[in-house]
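All remarks here apply to the structure that follows.
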Amino acid sequence: MKDALITAAMEARVRAHAPYSKFYVGAAMRDENGSIHSGCNIENAAYPQGWCAEPSAISHLIMAGGKSITEIVVIGNGTDLCTPCGGCRQKIREFAAGDIKIHCCTEDGDLIRTFTLNELLPFSFGPENLK
Ligand code: THU
């Protein structure tokens, strides 16, 4: 049986609205209570108006009352590594410590590689900088 976080990302991915790129992404995030929140990318005919899977998942986490992200799974097409894009890394940073794990999996839910947020976004700027 697959880990629940991976399953949630796989299930989110099949809901992606990506008729333009045909690159379907699912993201799933665990919050500080262990609850899982997921999201997919949602593209738009006016291309720049689309958004990534990660902010969809963050939106669900926040609306469910979650305060922080403790673990993430991201899944793109096939077996290619799909890491969060630069903008998504910063959005994740708002709610996550540098040592959280981001697992990148294949479309079938097999682990390709795990990164920490610090590895993907070193020397980051975050909420602490504004205190
Ligand atoms: N995409 C994501 O959903 N997350 C990422 O971190 C990488 C890119 C989406 C955006 C767009 O709908 C498609 O993948 C192709 O860039």
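The numbers here are math on the coordinates, done by the rules we state, and not lab data. Everything numeric in this text was worked out from a predicted model, so none of it was measured. Heads up, the Cβs are rebuilt from the backbone with ideal geometry, glycines too, and the neighbour counts pull from every protein chain shown.
Odds and ends about this structure:
- Rounded, prolate or oblate (a/c below 1.5 giving rounded, otherwise prolate when a/b exceeds b/c) for the range 4-125 by Cα gyration tensor: rounded
- The aspartates and glutamates whose alpha-carbon is closer than 17 Å to the alpha-carbon of K2, local same-chain residues fewer than 8 away aside, are E11, E71, E107, D108, D110.
- GNM result for the chain, Cα springs below 10 Å: residue of K101, K91, K22 fluctuating most strongly: K22
- Annotation: the antiparallel percentage among DSSP beta bridges lying fully within the chain is about 70.
- Summed side-chain charge close to L61 - residues other than L61 whose Cβ falls under 15 Å, Lys, Arg +1, Asp, Glu -1: -1
- Each other residue within a Cβ distance under 14 Å of C104 adds +1 if Lys or Arg and -1 if Asp or Glu, for a net charge of -4.
- Cβ-defined net charge surrounding F123, 14 Å radius [Lys, Arg +1; Asp, Glu -1]: 0
- With both labels modelled 7 Å from their Cα along Cα-to-Cβ, the M63 to D110 distance reads 3.5 nm.
- V14 versus T83: modelled label distance in nm, points set 7 Å from Cα along the beta carbon direction: 3.0 nm
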